[in-house]
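First up is the structure itself, then whatever we jot down about it.
The values are calculated or read from the model by the stated rules, or taken from the named source; none is laboratory data. Because the structure is predicted, anything quoted here is derived from the model rather than measured. Using ideal geometry, Cβ is built from the backbone for each residue, glycine included, and neighbour counts are taken over all protein chains shown. Surface accessibility is based on the protein's heavy atoms, side chains included, excluding ligands, DNA and RNA. Shrake-Rupley method; radii C 1.70, N 1.55, O 1.52, S 1.80 Å.
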Amino acid sequence: MKQFYISLLTLFSVIFSISIQAQESIQTPKDFFGFQPGADRQLFTYEKLIDYFKVLDENSPRLKLVQIGVSPMGRPMYMALISNEKNIANLDQLKKINKELAINPNLSENQKAEMVRDGKVFIYATLSMHANEVGPSQSSPLIAYELITSKDPEVRNWLDKTVYMMVPSHNPDGMDLVVNNYLKYRGTEYEGANLPGVYHKYVGHDNNRDFVTLSQSDTKAIAGVSDTAWYPQVMFEKHQMGLSGVRYFVPPPTDAIAQVIDANLWNWMKIFGSNMITEMTADSLKGVVQQYIFDDYWPGSTETSLWKNVISMLTECASAKGATPVYVEPNELNADGKGLSDYKKSINMPDPWPGGWWRLGDIVQYEISSTKAIIKTAYLHKDEILRFRNDLCVKEVNKGKNQAPYFYILPEKQHDQSELADLIRIMQEQGVTVYHLTHDITLNNYDYHKGDIVIPMAQAYRPFIKEVMEAQQYPVRRFTTGGEVIRPYDITSWSLPLHKGLESTAIDVFSKTINDNMAELPLNFNFMKPLDEKGWGLAFSVNDNESFKTAFALLSEKEKVYRTSEDFLVNGTVVPKGSFLVQNSEALKKITADLTTTPFALDSKPAVKMQEVKLPRIALLETWFHDMDAGWTRFIFDTYHIPFTVLHPEDVAKTDLSGYDYLIFPDQSKSVIMDGKYSENGYFQPDYPPQYTQGIEKSGLQKIMEYVNNGGKVLSWGRSTDLFLGTLTVQPKKGEKESFVLPYRNLGPRLAKDGLYCPGTLIKVNWKSNHPLTLGMEASSGVFYRGNPVFQTQLPGFDMDRWVIGTFPEDHLIMSGYAENIKLIGNKVAMVWLSKGKGQMVLYGFSPIFRASSPVTYKLVFNALMM
């Protein structure tokens, strides 16, 4: 037996020796990339970054690289798990412990104690989701190399009790776009120029606004790690900010904060943030600030994991010009926001940065220091953090059992059932368990029916459920008693039922009847039932967004699609005017395989008035100025199988517009579209090479109006509607010039001076009934609105007309969110149809596709594309 133990000890010694030799033979980042990451004017691409992590994976037992998803442009996305050899070998068991602590409220005290003893704190870090914020990703090889090769006993102790989960690039597509753009102009007068366009396939900076709806594949991958796969206890997202302010933001945030979040999550933020600022100051890193600008009220960022009981935090570092150093004069340093009114030594910034040269290498050092402080803090509080995760799970489940609301019930029969199916998809992807009623029940004299959807609140993720299922009420806080309101960092409404136009009821009295009559829905649930393929074809209700998706998909396959001009009956059920009729075919059979709702089966072609629908030819105007709303529009169009051509402002002059049925102008400022300049606070030139700063100019606007005059159609929303204000001109015949003013004006700027403030709020609008643009819409709905424009129509002049399509009611305007002096828009116009000559224009005072999060208004665009 003694000989056995000696042999075993020898074996472990050999393995340890081999491990040490492997660590010592690992290629350094400098040797691999050919430069030290963070060096002036040097950047590596995403592919090179992942190649290095593959080298680490192959050569170190302290790092495991796993694929977590695929980016929108098809690049594989990876996460590196870093810890000691034993923990990496035991990841599967540690992952199970994480899950049990996160979502199992029924652990015995002994089970919990055992898991706390054996578990490790998993720290999830996502880097450089905004791809022009290059520092975090560029620092990642140095952080990984130091952690896996360090012989420092303190670092080794950290990794005994923690697992660092690093996504070295949250946005692989954007990283390559930004890096290649920087390298293209390096050494030229445009070195450090911004990337023209968005640094993403679609949404650019708004990839950090997608964590409620999970519309993008990279968002799904990042959220899935935290919500349904690895269940980390700590999460950080690492960003950069402007050049001339503070150097580094660490937690905690400033007001407003989400009211549904447990107090101790905020307290844990303070512990991590306090340790970070202490350690970074000890490392002689100046300009670190807390409780500044960034609030934590809105659940759309990567930190949405906070609503799932993860200690979730943000860091922000001052930027350079990509990898090009900048010199900041002391007088240029500024602080302008909540928590720091002056750039001076204060409790929130105890050691200001004095100014001078600022380099990518500085950013890298701040990232290394902050990351080590995070890991050290998790190590110091390992048992407390693990126990807290399960204690909070138990607490939230108990709240769901003992505090209203106890359930949310959504009727199976909805105005738009396809959006109910999508809400179920979102909730399941978010890690929420969704049920349906197995029998009819009556509760408080109200009947609920078999098949109705039930979301119980007695779940670990109760804060998230409540946050996204209820109407939002902004927690008003002031800088001083009775003083100025602390305004939100971003939007104030995200209620899934309201944004989707769904009926939802909060059940405020506990019901055993519901508990006893519900069953869990499977993943990928839908309402589709088997179809009879022997008849003539199918009818798709205009009420469902999915019907438009099906119609456009079939048109793209060159199938015939008809649209009804009147209501008709199928087996006693009314199929509303504007619905789609399609004859059976192989293309239809293929497309219906992906439906979430059941269309109407037709035995024969119905005797109803109908018109054949044609696939529209669309040109979508997208500027080079990081045009996110245009990107979201492209995403919606691609999702709904609507073909389009992108035109940039400089293309208008050289394009034959008569080749398009529609020109679409998403939300963008008039000055950017017209002149290629920002003018919100006085004209200033953006950081793009000159070929990307051309506007359409007056000649382009005249060409667009001549396109309309000759029969073209324009859709415009948000700020772009200002393009068509004031005196416009067309030249109907050579030598003739006609000047005119379209019969509308924008009251928004005047009302803003009167105190109107609407930061992103769901506002009620009443729709014109039985109009081609409002087919499938209910009599009223919410629109996602930001306070400008506010239309007022006027009596039309020659060869023009106008119809008000949507009107703000006089009162009860706010459906969800916050606004000030909102009554100023009462009875004003939200949407208007115009005609000029042979053409038509539809102007929306709101973004009908806002961040793919307001499907209640999608039909207003889809109908317009079928005018």
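Couple of notes before you dig in:
- Segment R478-E329, extension gain: residue separation times 0.36 nm, minus the distance between their alpha carbons: 50.3 nm
- Extension gain, N770 back to D754 (0.36 nm per residue minus Cα-Cα distance, nm): 2.2 nm
- Listed residues L183, L410 arranged by accessible area, highest first, probe 1.4 Å: L183, L410
- Annotation for L443 and L380: the two label points, set 7 Å from Cα along the Cα-Cβ direction, are 4.6 nm apart.
- In degrees, nearest ten, helix 109-118 long axis to first principal axis of the chain (Cα): 70 degrees
- Estimated from the Cβ-Cβ distance and a Förster radius of 30 angstrom, the FRET efficiency linking T729 and Q583 is about 0.05.
- Degrees, to the nearest 10: 135-149 long Cα axis against longest axis of the chain: 30 degrees
- Averaged per residue, the chain has 40 square angstrom of accessible surface, using a 1.4 angstrom probe with ligands and nucleic acids left out.
- DSSP-defined antiparallel bridges as percent of all bridges, the chain, nearest 5: 65 percent
- FRET efficiency, 1/(1 + (r/R0)^6) with R0 51 Å, evaluated for A89 and S739 via beta carbons: 0.05
- Rolling a 1.4 Å probe over the protein heavy atoms of the chain, with every protein chain left in place, gives an accessible area that is 49 percent carbon and sulfur.
- The accessible-area ordering, largest first, of the residues L502, L531 stands as L531, L502, per a 1.4 angstrom probe.
- In this simple spin-label model, placing a label point 7 Å from the Cα along the Cα-to-Cβ direction at both Q794 and Y185 gives a separation of 4.1 nm.
- Relative to the dominant Cα principal axis of the chain, helix 697-709 is inclined by about 50°.
- Summary of packing: across the peptides 189-197, 829-837, 435-443, the per-residue average of other C-beta atoms within 10 Å ranks them, highest first, as 829-837, 189-197, 435-443.
- Calculated FRET value between E778 and A519, using beta carbons and R₀ = 30 Å, to 0.05: 0.50
- Gyration tensor (Cα) of the stretch 59-218, equivalent ellipsoid semi-axes in angstrom: 35, 21, 11
- Alpha-carbon centroids, the stretch 624-655 and the stretch 664-740: separation in whole Å: 16 Å
- Ranking F798, F635, F479 by solvent-accessible area of protein heavy atoms (1.4 Å probe, all protein chains present), from largest to smallest, gives F798, F479, F635.
- Residues listed by number, the stretch 570-588, amide nitrogen under 17 Å from K534 label point at 7 Å toward C-beta: 584-585
- For M469, solvent-accessible area (1.4 Å; no DNA, RNA or ligand), Å²: 10 Å²
- Residue list for the stretch 818-847, given a label point 7 angstrom along the Cα-to-Cβ vector of Q611 and an amide N cut-off under 15 Å: 839-841
- Simple spin-label estimate for N821 and N571 gives 5.6 nm between the two label positions (7 Å along the Cα-to-Cβ direction from each Cα).
- You can think of it this way: the chain between S108 and N398 has 102.9 nm of extra reach, that is 0.36 nm per residue less the Cα-Cα gap.
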